[in-house]
1. Confirm whether B:A291 is in contact (Cβ under 8 Å) with a residue 12 or more places away in the chain, under 19 Å from the mean Cα position of the chain (by Cα) and within 30 Å of B:G88 (Cβ to Cβ).
2. If a residue must be in contact with a His (Cβ under 8 Å, 6 or more places away or on another chain) and among the hydrophobic types (A, V, I, L, M, F, W, C), how many such residues does region B:254-290 contain?
3. Tell me the residue from A:E56, A:E75 that is among the charged types (D, E, K, R), within 14 Å of chain B (Cβ to nearest Cβ), more than 18 Å from A:A24 (Cβ to Cβ) and surrounded by 16 or more Cβ atoms within 10 Å (Cβ to Cβ), please.
4. How many residues does region B:153-192 contain that are part of a loop (DSSP other than H, G, I, E, B) and either surrounded by fewer than 19 Cβ atoms within 10 Å (Cβ to Cβ) or among the acidic types (D, E) (or both)?
5. If we scan region B:199-220, do we find a residue that is modelled with pLDDT of 95 or more and in contact with an Asp or Glu (Cβ under 8 Å, 6 or more places away or on another chain)?
6. Quick one: count up the residues across region A:58-87 that are among the aliphatic types (A, V, I, L, M) and assigned to a helix (DSSP H, G or I).
7. Select from region B:166-208 the residues that are free of Cβ contacts under 8 Å to residues at least 40 places away in the same chain and farther than 24 Å from A:L72 by Cα and list them in ascending order.
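The values are calculated or read from the model by the stated rules, or taken from the named source; none is laboratory data. It should be emphasised that the depicted structure is a prediction, and the values quoted were computed from it without experimental measurement. So basically every Cβ, Gly included, is an ideal-geometry build from the backbone, and we count neighbours across all protein chains shown.
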Amino acid sequence: MMSFQEIEHTADRAFRVTGRDLTALLENAARAMQALDKDEAGTTAERLETREIEVEGVDGESLLVNWLNEILYLEQVHHLVCEEFHIDDLKNHCLRARVETRECDRTYTHIKAVTFHNLKIRETSDGLEAEIVVDV
Amino acid sequence: MLSKEHVERVAEDVWEIPQTFRDDMRVPARLYADEDLLDAALSDNSVVQLVNTATLPGVIRYAIAMPDIHQGYGFPIGGVVATRLPEGVISPGGVGYDINCGVRLLVSLTSVAEIHPYLEDIASRLYANCPSGVGSHGQLRLNNTELDQVLHEGSRWMMDKGYASRHDLDRTEEFGRIPGADAAFVSDRAQERGRNQLGTLGAGNHFIEVDRVAEVYDQAIAARLGIYPDNVAVQIHCGSRGLGHQICEDYVSQLQKTVRDYGIELPDRELVCAPFDSKEGQEYFHAMACAANFAFANRQLLAHMIRRSFEEVLAGKVKNFELQQVYDIAHNMAKSRNTTLAAVRFECVSIAKAQLGPSGPDRASFRMISAISANPC
């Protein structure tokens with residue numbers, strides 16, 4: 001089963017993401033955001049670089065938003081394509097992660113920011129679920 | 001779910017959702033729309049988002065939606081509220097990520113027919129001179145001092161550097177500079193994102209558009225603004241780029257920690273807010289003003305580069321191609337102002353994802369701008 005699905009939004013873009021726990025939800029949300037931009041990926045260098053990042057929030061939802069915005073920051077300011085995401089440590093709404101990146105000759109993402117709009121991490125029979133609206 | 005049965009018609013093209021619709025509403029919500037627009041707004045979450053804004057602490061009279069209402073995040077697009085000080089709040093998510101996103105209109109005295117043979121060349125020069133895309137960089141590279149000056153001075157800095165005329169500033173909301181800017185409240189990351197982005201268009205629904213004035217409804221007023229049928233017009237739609245986005249992101253995230261300290265309960269976390277006079281509210285307002293000034297400067301530099309593009313292609317070939325500014329107006333902004341309501345004068349802060357009207361000379365003339373239909377060439 002897909003861990004994410006794009007959902008309709010009039011002016012921006014939105015997706016629903018699932019995960020068996022918060023770590024999986026966060027990793028899948030990052031992959032979902034990349035998938036929304038997949039067709040936009042431009043010419044990239046072959047070199048892979050692993051970036052280590054740390055993000056914190058006041059609760060699960062703010063950690064989710066801050067994590068995705070941190071990825072957008074890497075892409076927009078450092079012109080990187082973020083390809084894979086490994087969360088190594090997650091406790092007290094703080095995470096430490098490795099992100100596999102490629103250098104890009106330009107910023108390829110069309111997503112400008114991740115919002116808190118109606119954001120709520122819900123428990124389901126399979127784990128956790130959230131719907132995320134991004135500004136484009 | 002909100003449907004038409006919850007909406008009352010209070011005047012022609014004015015609709016109201018009464019305060020009794022939801023317990024957390026502090027005022028009614030009003031839409032300015034014809035019946036078709038109302039039906040469209042009810043087809044998604046736009047009106048629910050409008051009702052949510054009616055819950056903001058200090059909100060005055062009504063939460064209002066303009067006829068362009070459509071679904072956004074937090075506020076609907078086209079949403080406006082004013083909150084009464086001192087208890088009234090300011091909301092970074094309400095203003096939105098692209099602070100002082102706005103539209104600038106330029107016109108020339110030449111007709112579209114005269115420039116038509118050169119449109120392809122004009123398009124090529126516009127692409128070269130006005131970079132687009134989310135992380136695109138412009139031709140100006142600002143050092144720390146210069147960026148600081150832009151954040152405080154807005155279009156005035158552009159005039160000092162030769163990129164704007166006095167006429168341009170006179171035809172810009174707030175003359176291209178809003179008061180209250182203090183770069184000390186703009187994060188290093190926000191400054192990093194904006195440093196090389198002056199003179200860039202961005203992405204999404206932002207555009208530079210070469211238009212034809214298709215129809216003028218009031219020739220006398222239009223003539224005062226230099227607008228004549230079939231002539232060339234140019235519209236610029238963009239804002240504060242990565243700098244404004246980072247400022248919004250910084251304060252939406254920061255206020256998630258403090259909103260509960262003020263006892264504020266919200267139906268949507270994107271509406272996170274703080275009392276305007278609080279430390280957090282003032283810090284955001286100072287930073288937001290910096291982004292607003294950056295956006296005025298950005299549209300000014302884009303106007304300069306568009307004029308240069310026209311000159312590169314048309315000089316010596318077409319007469320009167322020069323582009324004069326009609327007006328520049330923001331639609332994502334919060335402003336502190338004194339106002340009078342029911343004969344009571346008070347201070348308020350208005351938060352808008354819609355145009356609130358010009359603040360400069362010739363206001364009466366500008367009212368007719370929305371009545372000009374401009375079609376792309």
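1. Spelling it out, B:A291 is indeed in contact (Cβ under 8 Å) with a residue 12 or more places away in the chain, under 19 Å from the mean Cα position of the chain (by Cα) and within 30 Å of B:G88 (Cβ to Cβ).
2. Residues flagged as in contact with a His (Cβ under 8 Å, 6 or more places away or on another chain) and among the hydrophobic types (A, V, I, L, M, F, W, C) within region B:254-290 amount to 1.
3. A:E75 is the lone residue from the list that is among the charged types (D, E, K, R), within 14 Å of chain B (Cβ to nearest Cβ), more than 18 Å from A:A24 (Cβ to Cβ) and surrounded by 16 or more Cβ atoms within 10 Å (Cβ to Cβ).
4. The number of residues fulfilling the criteria is 7.
5. No, region B:199-220 contains no residue that is modelled with pLDDT of 95 or more and in contact with an Asp or Glu (Cβ under 8 Å, 6 or more places away or on another chain).
6. Final tally of qualifying residues: 8.
7. Once the filter is applied, which keeps residues that are free of Cβ contacts under 8 Å to residues at least 40 places away in the same chain and farther than 24 Å from A:L72 by Cα, region B:166-208 yields B:R166, B:L169.
Residue-by-condition table, conditions (1) closer than 20 Å to A:F4 by Cα; (2) touching a residue at least 60 places away in the same chain (Cβ under 8 Å); (3) hydrophobic (A, V, I, L, M, F, W, C):
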{"site": "A:D88", "(1), (2), (3)": "no, no, no"}
{"site": "A:E103", "(1), (2), (3)": "no, no, no"}
{"site": "A:N118", "(1), (2), (3)": "yes, no, no"}
{"site": "A:T124", "(1), (2), (3)": "yes, yes, no"}
